[in-house]
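The structure appears below as structure tokens.
The values are calculated or read from the model by the stated rules, or taken from the named source; none is laboratory data. In this text the structure is predicted, and so the values were computed from the model without any measurement. When we count neighbours, we look across all protein chains shown, and the Cβ atoms used for this are built from the backbone with ideal geometry, even at glycine.
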Amino acid sequence: MTGVLEFLAQIVEILGGLFHETNALALAYMFIPFVVFLELPLNLMIWLGVLRYYTRRIYAVPTRYPYTPRVTCIITCYSEGGGVRGTVRSMLEQVYPGQIEIIAVVDGADQNPATLSALRAMEPEVERYASRKLVVVPKTPRGGRVSSLNAGLQMARGEILLAVDADTSFDNTMVTEAAGHFRDPNVIAVAGSLRVRNWHDNLLTRFQALEYMITIHLAKVGLGEFHGINNISGAFGVFRTEMVRKIGGWTTGSAEDLDLTLRLKQYFGRYPGFRIAFEPRAMGHTDCPATWKGFLLQRLRWDGDLFYMYMRKHRAAFSVRQMGFWNVLLGLWYGMLFQMIMPVLIVLYTLWLVVMVAPVVVVATFIIIMGLYAVLTALMYITALVFISERRGRDLRLAWLIPLFPFFAMLMRVWSLVAIINEWWRHSSQESSMAPWWVLRKSKR
Amino acid sequence: MAEQPEQQTREPLRIVVFSRRAGFADGLGTNLPSQQHAAYEELASTPESGARTGFVVDLESLPEPLELIRALRQHPEWRMQLIWTRGDAGPESRALTDGAFETVDNPGERIETCSGRLLTANGGQPARSQDDVLLTLLWSHPHMSLQPVRDWSAPELYRYPLLDVLLEEDTPEFWLRGLKQRRLVEGQELVDRVRLCPGCRHGHLSFVDVCPECDSLDIRTEPGLHCFSCGHVAPQRLFQDNGMLSCPNCHATLRHIGEDYDRPLENHVCGGCQHMFMEGRVLARCMACGQAHDPDALEALGVYRYRLSEAGRLVARTGDIGDLYGVFDEINYVSPEHFEFFFDWTLKLRERHEEIRFGLILLHLNGLARVIDTLGHGRGAALVDSFAERVKALVRTTDLVTRTADDRIWLLLPQTSADGVDVLAGRLSRLMEDSVEGTALDRLGRVYHESSIGMSEAEDAAAVMARLVSRSQ
């Protein structure tokens with residue numbers, strides 16, 4: 001007992017002597033370059049981007065263009081059952097004045113009769129909406145999400161293509177906001193924002209809600225201003241149909257969304273005007289994993305796939321001729337350095353710290369670093385709340401998580417390393433549950 | 001009946017074939033003598049009678065086979081004969097004929113049975129009314145029935161071709177209703193149920209949704225929204241605000257269905273009076289007379305295939321026996337109105353003079369038709385005559401007699417005690433049994449009686465008579 005108290009007293013003493021020359025501070029200084037050179041520039045860029053977005057928006061003349069192309073929405077369904085009704089209904093409810101064609105592709109229709117019958121039962125409801133159409137495509141053999149998307153692409157008649165998951169629903173202004181960007185012929189795709197629908201479930205879903213708010217809602221607004229969208233989420237992406245057809249649709253393998261984004265970006269070298277826009281007001285609501293096991297498995301897949309895409313499948317794409325200078329720079333910095341090298345550095349540094357330095361100093365250093373990160377998080381959070389958020393009341397209820405969030409982020413970093421190692425050694429992207437094994441084994445390794 | 005063998009020798013069985021195909025009659029494979037005609041007019045020009053003839057109509061080679069069948073069924077000489085068809089028959093042809101010739105095993109036997117029945121039908125008398133013709137036809141052709149045929153131009157949406165061709169007076173609808181009311185035909189199979197305009201009995205109705213307030217046709221559906229923030233419910237157009245949905249009451253932005261708002265129910269708005277309602281009123285508008293009715297007020301009509309009932313078969317065999325009852329009209333007859341007037345007067349007289357006694361007797365001769373059927377028309381008529389004579393002997397000169405509904409004979413007995421009424425009723429009842437003694441039947445009819453003691457002061461003549469009639473049913 002006294003040992004613990006003494007331990008705590010020592011930590012306080014070190015933290016109290018923060019502004020003197022102490023050992024711990026020297027260590028913290030060693031760590032700070034990571035923050036300064038890797039994270040701070042990124043955050044600064046995000047802030048600048050948000051500011052630019054915000055000023056552009058408040059000075060914009062409210063104009064409604066008579067541009068309402070037909071939109072095709074491919075909903076990839078599997079075992080969602082009655083849950084798909086919410087997705088279809090939120091598409092029917094769009095205030096968009098143009099036509100919306102909803103293609104619901106049920107993968108493995110024989111194994112998922114509940115999903116199929118739920119969709120069929122919606123047909124009379126669709127009748128009540130003008131210029132909305134529902135096509136149910138039962139795909140009997142299971143072929144994975146990619147095959148569903150490509151089947152939908154074959155049938156799509158819209159100028160604009162929406163690829164969404166069956167567990168995601170949308171705000172009724174989503175199509176209006178997203179489709180407007182395609183007025184600019186250089187926009188080949190629009191990434192939409194995502195919120196966590198089940199944020200109320202438990203602490204884990206609340207953490208993810210905060211994470212989505214900062215890393216998707218806010219960060220993508222900032223990066224989008226600098227043409228730096230690195231991924232169009234598979235749960236909710238908007239494309240120019242002609243462009244998707246030109247690049248041959250989606251390809252087999254895990255992480256088909258990142259794959260498609262990278263293949264779209266490979267046209268940027270030849271068509272420097274092309275860009276991928278981000279629209280924070282096009283809002284989707286998705287279910288995130290509510291259990292730690294589900295969450296960790298999801299992240300294992302996501303981070304592993306990132307490594308697989310950047311290091312294996314599309315390694316050659318990162319050239320100035322293919323993507324253009326700016327995209328290669330952002331890809332290397334944000335994609336590789338930030339998401340792949342940082343986790344390694346942080347974990348190695350922490351291990352080194354634990355081995356080399358007294359436990360008291362380790363804890364004190366940790367508190368300082370976490371404190372720094374908490375301040376950074378709070379600044380990001382406030383920026384998002386003030387400049388971006390359209391549901392401020394709901395977002396305010398996540399504020400108390402900010403001091404805890406750096407620990408969650410730290411855990412994510414460590415887990416990223418696990419995912420990268422897993423992918424490196426075991427080719428885990430071949431084990432994805434997104435498609436059956438007999439399809440995955442044919443994909444490029 | 002005794003004439004039958006004589007006729008058979010006089011006229012041989014034959015088959016008349018209508019076809020434009022050469023040698024068609026020979027190809028039928030029947031050993032009966034046959035003759036072939038190419039048109040109806042050829043048959044009409046031959047003077048031969050057709051009592052023992054069967055017709056075969058080749059539906060495929062004739063230009064207007066249906067017209068020919070109708071003409072045969074309308075011709076007084078040939079309308080009762082068997083008509084078979086060859087080829088694909090439509091519903092109207094089927095309703096007018098005896099079926100496909102291929103299905104008949106022995107046409108000769110069929111013609112014989114039919115003509116035998118025709119001879120005995122109607123008590124051996126010639127048919128006098130359209131009822132007689134129809135009942136005889138149905139009785140002598142066991143495979144025929146009153147078959148309805150769907151027809152969009154018919155007022156009741158269905159019509160009976162057989163009634164149409166045999167019709168002499170009235171309309172087919174009234175004729176059929178009369179046949180049903182007299183229970184001469186009975187429904188065999190329910191084909192359809194149609195709803196008719198109660199104003200004009202037409203089946204051509206148009207069902208429309210109208211405003212429940214002002215009956216205006218001009219109604220449209222209008223989606224309604226329900227704001228979760230303040231609970232406001234209003235038509236969707238009031239929520240539309242520059243490409244977004246926002247509540248006109250609390251100005252909340254409605255972003256996501258199920259989270260910010262929902263659609264309570266589909267509702268309708270009247271273009272005439274702006275009334276908002278959930279369910280419109282349905283009106284059935286008659287396309288013939290233009291009246292609009294509530295669907296519940298429409299007349300439902302079951303469309304049946306009819307066949308002869310037991311009573312109908314009896315009438316077909318005996319013919320109309322109404323005139324036989326006429327013999328009773330010679331016994332102190334007064335008209336039913338007078339009879340009722342005297343009876344009423346007597347009842348009123350009793351109110352002043354309580355010592356007055358009288359009685360009322362009803363003879364219900366419901367067994368007469370059966371008697372005629374068993375004994376034949378001649379013997380039956382004689383039996384009724386002798387019965388009437390004996391009744392005449394029992395009736396006093398002061399008694400009044402009248403007859404309602406053919407077979408109900410009424411006797412008003414003034415100045416007769418209750419015992420006297422009983423005695424007379426007993427004698428008449430015995431007479432009913434005695435007159436049919438020696439035949440297979442047990443009695444000619446039944447006797448119902450009531451003395452003045454059994455009649456209350458509140459009753460008038462009509463009430464007492466109705467009471468006796470209800471006992472006789």
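Pairs are defined by a Cβ separation below 7 Å, a sequence spacing of at least 6 or placement on different chains, a first member in the stretch B:336-351 that is touching a residue at least 60 places away in the same chain (Cβ under 8 Å) and not assigned by TED's automatic domain parsing to the domain that holds B:Thr398, and a second member that is surrounded by 16 or more Cβ atoms within 10 Å (Cβ to Cβ) and assigned to a helix (DSSP H, G or I); no pair meets this definition.
Checking B:Gly426, B:Gly445, B:Gly420, B:Gly378 one by one, the residue that is modelled with pLDDT under 80 and either surrounded by fewer than 19 Cβ atoms within 10 Å (Cβ to Cβ) or farther than 21 Å from B:Gly124 by Cβ (or both) is B:Gly378 and no other. Per the conditions (1) more than 14 Å from chain A (Cβ to nearest Cβ); (2) surrounded by 15 or more Cβ atoms within 10 Å (Cβ to Cβ); (3) part of a loop (DSSP other than H, G, I, E, B), the sole criterion not satisfied by B:Leu176 is (3).
Of the listed requirements (1) assigned to a helix (DSSP H, G or I); (2) under 26 Å from A:Ala378 (Cβ atoms); (3) of a type in the set (Ser, Thr, Tyr); (4) within 14 Å of chain B (Cβ to nearest Cβ), A:Tyr212 misses just one: (4). Here A:Tyr129 passes the criteria (1) touching a strand residue (DSSP E or B) at 6+ places or on another chain (Cβ under 9 Å); (2) aromatic (Phe, Trp, Tyr); (3) surrounded by 18 or more Cβ atoms within 10 Å (Cβ to Cβ) except the one numbered (3). Can you find even one residue in the stretch A:175-197 that is touching a His at 6+ places or on another chain (Cβ under 6 Å), outside any loop (DSSP other than H, G, I, E, B), of a type in the set (D, E, K, R) and touching a residue at least 40 places away in the same chain (Cβ under 8 Å)? Within the stretch A:175-197, one or more residues are touching a His at 6+ places or on another chain (Cβ under 6 Å), outside any loop (DSSP other than H, G, I, E, B), of a type in the set (D, E, K, R) and touching a residue at least 40 places away in the same chain (Cβ under 8 Å).
Restricting attention to the stretch A:281-316, the residues that are more than 14 Å from chain B (Cβ to nearest Cβ), aliphatic (A, V, I, L, M) and closer than 30 Å to B:Arg255 by Cα add up to 1.
When residues in the stretch B:61-86 are screened for being over 32 Å from the mean Cα position of the chain (by Cα) and either loosely packed, with under 14 Cβ neighbours inside 10 Å or not assigned by TED's automatic domain parsing to the domain that holds B:Arg110 (or both), 1 of them pass.
Limited to the stretch A:287-329, what total is found for residues that are over 19 Å from A:Arg270 (Cβ atoms) and of a type outside the set (Gly, Ala, Ser)?
From the stretch A:287-329, those over 19 Å from A:Arg270 (Cβ atoms) are A:287-313, A:315; that's our starting set.
Subset that is of a type outside the set (Gly, Ala, Ser): A:287-289, A:291-293, A:295-303, A:305-313, A:315.
Residues that pass the stated criteria total 25.
Set side by side, the residues B:Ala22, B:Ala89, B:Ala95 differ, and just one is in a loop (DSSP other than H, G, I, E, B), within 20 Å of B:Tyr160 (Cα to Cα) and outside the structural domain of B:Leu375 (by TED's automatic domain parsing), which is B:Ala89. Before we move on, is B:Pro172 in contact (Cβ under 8 Å) with a residue 40 or more places away in the chain and not assigned by TED's automatic domain parsing to the domain that holds B:Gln74? So B:Pro172 fails the test. Would you confirm, using the coordinates I've provided, whether A:Asn112 is at pLDDT below 90 and surrounded by 15 or more Cβ atoms within 10 Å (Cβ to Cβ)? Answer is yes for this residue. Residues of the stretch B:244-280 that are under 22 Å from A:Val88 (Cβ atoms) and either of a type in the set (Phe, Trp, Tyr) or more than 55 Å from the chain's Cα centre (by Cα) (or both): B:Met244, B:Leu245, B:Leu254, B:Arg255, B:His256, B:Ile257, B:Gly258, B:Glu259, B:Asp260, B:Tyr261, B:Asp262.
Among the residues of the stretch A:354-368, those that are farther than 15 Å from A:Pro406 by Cβ and either without any contact (Cβ under 8 Å) to a residue 12 or more places away in the chain or assigned to a loop (DSSP other than H, G, I, E, B) (or both) comprise A:Val354, A:Val355, A:Met356, A:Val357, A:Ala358, A:Val362. On the stretch given as the stretch B:230-245, residues that are away from chain A (no Cβ under 11 Å), surrounded by 14 or more Cβ atoms within 10 Å (Cβ to Cβ) and not aliphatic (A, V, I, L, M) total 2. Any residue that is part of a strand (DSSP E or B) and modelled with pLDDT of 90 or more - is there at least one of those in the stretch A:90-100? Yes, the conditions are met somewhere in the stretch A:90-100. Checking A:Pro66 against (1) part of a helix (DSSP H, G or I); (2) at pLDDT 80 or above, only one condition comes out false. Which one? Of (1) part of a helix (DSSP H, G or I); (2) at pLDDT 80 or above, only one is false for A:Pro66: (1). Does A:Val414 satisfy being surrounded by fewer than 16 Cβ atoms within 10 Å (Cβ to Cβ) and free of Cβ contacts under 8 Å to residues at least 12 places away in the same chain? Taking the combined requirement at face value, the residue does not satisfy it. Considering only residues in the stretch A:62-104 that are over 25 Å from A:Phe182 (Cα atoms) and touching a residue at least 40 places away in the same chain (Cβ under 8 Å), the one that is farthest from the other protein chains (Cβ to nearest Cβ) turns out to be A:Tyr78.
Of the set (1) over 30 Å from B:Asp373 (Cα atoms); (2) among the hydrophobic types (A, V, I, L, M, F, W, C); (3) at pLDDT 85 or above, all apply to B:Ala25 but (3).
Within the bounds of the stretch B:206-223, is there any residue that is touching a Gly at 6+ places or on another chain (Cβ under 7 Å), within 14 Å of chain A (Cβ to nearest Cβ) and outside any loop (DSSP other than H, G, I, E, B)?
Step one: list which residues in the stretch B:206-223 are touching a Gly at 6+ places or on another chain (Cβ under 7 Å), which gives B:209-212, B:214, B:216, B:218-220.
Within this subset, residues satisfying the condition of being within 14 Å of chain A (Cβ to nearest Cβ) are B:220.
Restricting the remaining residues to those that are outside any loop (DSSP other than H, G, I, E, B) gives B:220.
For the stretch B:206-223, residues touching a Gly at 6+ places or on another chain (Cβ under 7 Å), within 14 Å of chain A (Cβ to nearest Cβ) and outside any loop (DSSP other than H, G, I, E, B): present.
When residues of the stretch A:226-250 are filtered for being within 16 Å of A:Lys265 (Cα to Cα) and outside any loop (DSSP other than H, G, I, E, B), how many remain? Of the residues in the stretch A:226-250, 10 are within 16 Å of A:Lys265 (Cα to Cα) and outside any loop (DSSP other than H, G, I, E, B).
Of all residues in the stretch A:66-92, exactly one satisfies the criterion of being farther than 18 Å from A:Met174 by Cα and either touching a Phe, Trp or Tyr at 6+ places or on another chain (Cβ under 9 Å) or of a type in the set (D, E, K, R) (or both), namely A:Glu80.
If I filter the stretch B:246-271 down to residues being touching a residue at least 40 places away in the same chain (Cβ under 8 Å) and assigned to a strand (DSSP E or B), which single residue comes out as nearest to the other protein chains (Cβ to nearest Cβ)?
Step one: list which residues in the stretch B:246-271 are touching a residue at least 40 places away in the same chain (Cβ under 8 Å), which gives B:263-271.
Narrowing the set further to residues that are assigned to a strand (DSSP E or B) leaves B:266-270.
On the way: B:Glu266: 7, B:Asn267: 12, B:His268: 13, B:Val269: 15, B:Cys270: 19 Å.
The selected residue is B:Glu266.
Is there a residue in the stretch A:279-293 that is out of contact with any Leu (no Cβ under 9 Å at 6 or more places or on another chain), farther than 22 Å from A:His217 by Cα and in a helix (DSSP H, G or I)?
Of the residues in the stretch A:279-293, the ones out of contact with any Leu (no Cβ under 9 Å at 6 or more places or on another chain) are A:279, A:281-282, A:287, A:293.
So of that shortlist, the ones also farther than 22 Å from A:His217 by Cα come out as A:293.
The next check asks that each one be in a helix (DSSP H, G or I); those that pass are A:293.
Yes, because at least one residue in the stretch A:279-293 is out of contact with any Leu (no Cβ under 9 Å at 6 or more places or on another chain), farther than 22 Å from A:His217 by Cα and in a helix (DSSP H, G or I).
The set of residues in the stretch A:315-351 being touching a helix residue (DSSP H, G or I) at 6+ places or on another chain (Cβ under 8 Å) and within 19 Å of A:Phe366 (Cβ to Cβ) consists of A:Met342, A:Pro343, A:Val344, A:Leu345, A:Ile346, A:Val347, A:Tyr349. Considering only the stretch A:145-178, state which residues are closer than 27 Å to A:Phe226 by Cα, within 13 Å of chain B (Cβ to nearest Cβ) and either of a type in the set (Val, Ile, Thr) or over 20 Å from the mean Cα position of the chain (by Cα) (or both). Passing the criteria: A:Thr173, A:Val175, A:Thr176. In a residue-by-residue description of the stretch A:31-51, the property of being among the charged types (D, E, K, R) and modelled with pLDDT of 90 or more applies to no position.
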